[in-house]
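Data block below; observations after.
Just so it is clear, none of the values below were taken in a lab; they were calculated from the coordinates. Keep in mind it's a predicted model, so treat the numbers as computed, not measured. Don't worry about glycine lacking a Cβ; one is built from the backbone with ideal geometry, like all the others, and counts go over all protein chains shown.
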Amino acid sequence: MPVLSEDSGLHETLALLTSQLRPDSNHKEEMVFLRDIFSERSLSYLMKIHEKLCHYERQSPVPVLHSASALAEDVIEELQTTPMNNDEKELLQLLSTPHLRAMLAVHDTVAQKNFDPVLPPLPDNIDEDFDEESVKIVRLVKNKEPLGATIRRDEHTGAVIVARIMRGGAADRSGLVHVGDELREVNGVAVLHKRPEEISQILAQSQGSITLKIIPAVKEEDRLKESKVFMRALFSYNPKEDKAIPCQEAGLPFQKRHILEVVSQDDPTWWQAKRVGDTNLRAGLIPSKQFQERRLMYRRTIGVLHNTRSVTKPLCTTAVV
């Protein structure tokens, strides 16, 4: 059997193992399985990427200093205290430009490896009214984007319940918040006796990290597989003008002939969709096809809809890919 040198890479080792596999009547299926796995091209690519990353860790350049911005400030201060010639004036002007300052700030961030957000410690004052396993502390990091969830108050218990998770939003991407979860606190503020509008205002005003105290649902609903259903809108829609939508802020406005990707149809009245080509990854609420048709039919029967020809047309064209 050939001997590997110390410099041999993982992908070379993998290729050698593949060549050394010999048929065995007693383990034929296992041999076929191993040969298929080792011959997989994607596995070979992963091994090469792993080697490149390991090589970079060993040979990566070391920054000369970790605070280039501070050095630039010292140079600017020193130049301003003495008479300057033309070259020094040009250097001062260059160091004072916002673009160079931003580049030096990025350099310091990379040099100090300060990539992750600084999160406060987890709260220690967890209510003793609940079992240790029943309370879940969730910490999410969000920017100016919405959290991507709607809430409602349970009519029987008065609890604040997560009613809907918007696909692509911060809550959906975290995988920690689910439909049916009971919300108890937001950033240490109890929400049991607050209206859903007040809670939404607290969430909207929170930037950076948001700490949620949650009582998980008894049985979390299974997340539906992503369904690539595309529709061309045959009417325009503005959620701010729709009094029936459960949350206008979560609505998705669109214009006629826009292409929409429906990502969730688990609610028969309000679907979740995205505009194709939109940079916003969070889905929004749109009326379902059946609900919109019922509304138009109702308006026609009461005489609000005068142009009955628009009702005979389908609301959208669909194609499942």
Take the residue pairs LYS243/LYS289; LYS213/LYS274; LYS142/LYS256; LYS52/LYS142 and return only those whose Cα atoms are more than 22 Å apart.
LYS213/LYS274; LYS142/LYS256; LYS52/LYS142
Per the 1/(1 + (r/R0)^6) rule, R0 = 25 Å and r from the Cβ atoms of GLU30 and LYS52, FRET efficiency to 0.05 is 0.20
Once phi is turned into θ = phi - 60°, what whole-Hz ³J(HN,Hα) does the Karplus curve with 6.51, -1.76 and 1.60 give for every residue of region 245-250, x standing for Gly and Pro?
5, x, 8, 5, 5, 8
Cα gyration tensor, region 231-273 - rounded (a/c under 1.5), prolate or oblate
oblate
